[in-house]
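For reference, the structure discussed in these notes is given below.
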């Protein structure tokens, strides 16, 4: 052992969908990941002796072995968000809405949210027969990106109002719409002390849902993912692979 064996790792973290064959699908780089931790743990059942009068530890039975994973992601890409929300990002195409009903009983200065965001060319009509166009001076766009509009004047019109508008394409991430995804995790690492490369592979990783997502914050945001590496029986019989994963170091 020598000073050149000291270590401080960095590297690129990739996630991939595990195929039915046990092989990795296409890799996805998760972006800047300032922390990746592997925590190995065993659950023991201890036996104390009963003949010395001191109840000393006499035997230990290992009941279970776990490999926990903690991953911090700095980039809120749709794929990263979906990873911790049990979701699959879906693209909702741009389009037009012709007659979206607004809530009834609106009063002056009320704000309403349209069904879609990133809106343009908004127009309002009422429910009279024939419908009457609500003048632009009677309402305003509070936020085009969030699809928020406000009403200045509602007197003299038949509610509910109807909105027509164009909306932009969005990526939709719906919470808890899929089972917990199973991933293969790869680290293309480098020991910044000596420049030697390292590769880490975890065969079956499942993450828990994101415990906390700071939607408003004064600091840099991050996504904290925690989970476990599951046992892979297809690789367990090979001592070079192991049942959970492996770390490969370049021989110095």
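The figures follow:
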{"quantity": "Given (1) -0.22, -1.07, -1.58; (2) -0.24, -1.02, -1.36; (3) -0.46, -1.08, -1.31, the label whose value is log10 I(q)/I(0) by the Debye sum over Cα atoms at q = 0.07, 0.15, 0.18 Å⁻¹ derived from this model", "calculated": "(3)"}
{"quantity": "More than 20 Å apart - percent of Cα-Cα pairs taken over the stretch 91-172", "calculated": "27"}
{"quantity": "Estimated distance in nm for a label pair at residue 101 and residue 32, the labels positioned 7 Å out from Cα along Cα-to-Cβ", "calculated": "4.8"}
{"quantity": "Distance between the stretch 48-93 and the stretch 109-155 - C-alpha centres, whole angstrom", "calculated": "50"}
{"quantity": "The chain, relative contact order [Cα under 8 Å, separation at least 6], %", "calculated": "23"}
{"quantity": "Least to most buried among 177, 72 (fewest other Cβ within 10 Å first)", "calculated": "177, 72"}
{"quantity": "Relative contact order of the stretch 91-172, defined on C-alpha pairs under 8 angstrom at six or more residues apart (%)", "calculated": "49"}
{"quantity": "D_trans [Stokes-Einstein, Kirkwood Rh over alpha-carbon pairs] for the stretch 95-141, 37 °C, 0.692 mPa s, µm² s⁻¹", "calculated": "271"}
{"quantity": "Order of 85, 184 - criterion: other Cβ atoms within 10 Å of each residue's Cβ, fewest first", "calculated": "85, 184"}
{"quantity": "FRET efficiency, 1/(1 + (r/R0)^6) with R0 45 Å, evaluated for residue 23 and residue 193 via beta carbons", "calculated": "0.85"}
{"quantity": "Fewest-first sequence of 214, 74 by Cβ atoms within 10 Å of each Cβ", "calculated": "214, 74"}
{"quantity": "The chain: most fluctuating residue of 62, 122, 200 per GNM, C-alpha cutoff 10 Å", "calculated": "62"}
{"quantity": "Among 215-221, 155-161, 145-151, the order from most to least packed when residues are scored by Cβ within 10 Å on average", "calculated": "145-151, 155-161, 215-221"}
{"quantity": "Distance between modelled label sites at residue 177 and residue 16, nm, 7 Å Cα→Cβ extension", "calculated": "2.7"}
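Values in this text are rule-based calculations from the coordinates and carry no lab data. On a predicted model such as this, the values are computed, not experimentally measured, just so you know. When we count neighbours, we look across all protein chains shown, and the Cβ atoms used for this are built from the backbone with ideal geometry, even at glycine.
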